[in-house]
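Participant: Please see the structure below; I have some questions.
The values are calculated or read from the model by the stated rules, or taken from the named source; none is laboratory data. Just so it is clear, the structure is predicted and the values come from calculations on it, not from any experiment. Note that each Cβ is placed from the backbone with ideal geometry, even for glycine, and that neighbours are counted across all protein chains shown. For the accessible areas, the whole protein counts, side chains as well, though only heavy atoms, and no ligand, DNA or RNA atoms are used. Shrake-Rupley method; radii C 1.70, N 1.55, O 1.52, S 1.80 Å.
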Amino acid sequence: INIIEGEENIMLTQKFHVAVPTVFYDNEELNIIGTINHIEHLYNKGVKSVLVCGTTGEQHSLKVDEKIALIKAINNSQIVNSMEIIFGVAAIRQKDAEELAEVIEATNISGIMLGYPPYILPSQKEAIEYTKSIINIVNKPIILYNNPDRTGFDLSIESIITLSKYNNIIGIKDPGNEDKLAILKENIKKKLYYYAGGELNLESKLMSGYNRLSSIAGNVYPKEVNEWLLSILNKNNDIDHKNITDKINNLYNGNIIYNIKNEISLGITRKPLGN
């Protein structure tokens, strides 16, 4: 494993990516063409980076062979050479996560977002070893994904500091509250990207030290979300945010993935979502 604290030779350049929903047919089978078509649609709208099989939570409904089929199809498409495509890797079994990482390593996919196993509540030591197993396989940028509300597991300050020393760990999504973030920024010497997961409370998160966005509303409003994010980061107070925040609040009213799919005709959600 390559530990080079402070070195930044593995990068993702975009300040935000759009976490795209997975498209399914009416019988709940994976619609690979529909998913790639949506990515291409976002590219044509000016989006330069997407996260596939990640934030939307649908990745845990996908079997390993479905994920591999999606990875290979994206790599065989033209779009993989035009955008920063990040692929979500997470599984209850480490063996499955390693298999996905091996497939991704042989592709032109730009990087991965590494999530932690839901439900089983690994110890911090077990989570570190899980992470190191993926670092050993993938020589691509890795964003750690800390999501205690959905997984039940919270990556500790000490664990994040330890993992940040590996040079292909370039960021973390939703590391924690303002106090936790302040400790991380004080103790992690290299440049690390702190991704806000979704648009809710985005302004306060950016003010507290988050510096990138993993966008969900960007599926519907890519241009508006980009302008909003940049105006906050650049402290441009001349732009009125009310229009985009009203639109975003409407999307988040209920199940946002269901709402997005209805808004832009991306098919169904796998039940029980959408019941």
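Participant: Once amide H atoms are placed 1.01 Å from N in the peptide plane, what residues at a sequence separation of 5 or more from Lys173, or on another chain, have their amide H within under 5 Å of its amide H?
Facilitator: It is Leu144, Tyr145, Asn146, Tyr195, by chain and number.
Participant: Run through all the Cα pairs of the chain and give the fraction in each 10 Å bin from 0, expressed as whole percent.
Facilitator: The distribution over the chain is 6, 30, 38, 22, 3, 0, given as percents.
Participant: With charges set only on the Cβ (+1 for Lys and Arg, -1 for Asp and Glu), what does the dipole of segment 215-275 come to about its Cα centre, in debye to the nearest 20?
Facilitator: Here the size comes out at about 360 debye.
Participant: Rounding to the nearest 20 debye, state how big the charge dipole of the chain is about its Cα centre with +1 on each Lys and Arg Cβ and -1 on each Asp and Glu Cβ.
Facilitator: Dipole about the Cα centre, nearest 20: 260 debye.
Participant: So which of Lys125/Lys261; Lys95/Lys165; Lys132/Lys180; Lys67/Lys261; Lys132/Lys271 end up more than 31 Å apart, counting from Cα to Cα?
Facilitator: Beyond 31 Å between Cα atoms: Lys125/Lys261; Lys132/Lys271.
Participant: Only Cα pairs under 8 Å and at least 6 apart count here; give the relative contact order of segment 41-92 as a rounded whole percent.
Facilitator: Details: 36 pairs, mean separation 31.0, N = 52.
Relative contact order here is 60 percent.
Participant: So what's the back-of-envelope 222 nm ellipticity for the chain, counting only DSSP H runs of four-plus at -39500 (n - 2.57) apiece and dividing by all residues, rounded to 500?
Facilitator: About -11500 deg cm²/dmol.
Participant: Out of Ile79, Ile256, Ile92, whose Cα points farthest toward the positive end of the dipole of the chain (charges: +1 Lys, Arg; -1 Asp, Glu; placed on Cβ)?
Facilitator: Ile79
Participant: Heads up, I need the accessible area for Val20: 1.4 angstrom probe, whole protein in place, Å², nearest 10.
Facilitator: My reading of the accessible area for Val20 is about 0 Å².
Participant: With springs connecting C-alpha atoms under 10 Å apart, model the chain as a Gaussian network and identify which of Pro141, Pro122, Pro175 has the largest mean-square fluctuation.
Facilitator: Judging by the Gaussian network model, the answer is Pro122.
Participant: So, with +1 on the Cβ of K and R and -1 on the Cβ of D and E, and no other charges, what is the size of the charge dipole of segment 125-243 about its Cα centre, to the nearest 20 debye?
Facilitator: Numbers: 16 positive and 15 negative charges, 114 e Å.
Around 540 debye, computed over segment 125-243.
Participant: Another question, then. I want to check the label-to-label distance for Glu178 and Asn255. Put each point 7 Å from Cα in the C-beta direction and report it in nm to one decimal.
Facilitator: Here the answer is 3.4 nm between the modelled labels.
Participant: Sticking with this structure for a sec: Which whole-number percent gives the relative contact order of the chain, counting Cα pairs below 8 Å spaced six or more residues apart? Don't skip to the end; give the middle numbers.
Facilitator: Details: 457 pairs, mean separation 60.9, N = 275.
Rounded, it is 22 percent for the chain.
Participant: Segment 16-54: which chymotrypsin sites (Phe, Trp or Tyr not before Pro) are DSSP loop and have at most 15 other beta-carbon atoms within 10 angstrom? Write out the running numbers ahead of the final one.
Facilitator: Values: sites: Phe16, Phe24, Tyr25, Tyr43; in loops: Tyr25.
Within segment 16-54, the qualifying chymotrypsin sites (Phe, Trp or Tyr not before Pro) (loop, at most 15 other Cβ atoms within 10 Å) are Tyr25.
Participant: Considering only protein heavy atoms and a probe of 1.4 Å, how much of the accessible area of the chain is carbon and sulfur, as a whole percent?
Facilitator: 46 percent
Participant: Checking the cross-link filter: which lysines have an alpha carbon closer than 19 Å to that of Lys235, excluding same-chain neighbours under 8 positions apart?
Facilitator: Excluding near neighbours in sequence, the set is Lys15, Lys205, Lys223.
Participant: On average, how much accessible surface per residue is there in the chain, in Å², for a 1.4 Å probe, leaving out ligands, DNA and RNA?
Facilitator: 46 Å²
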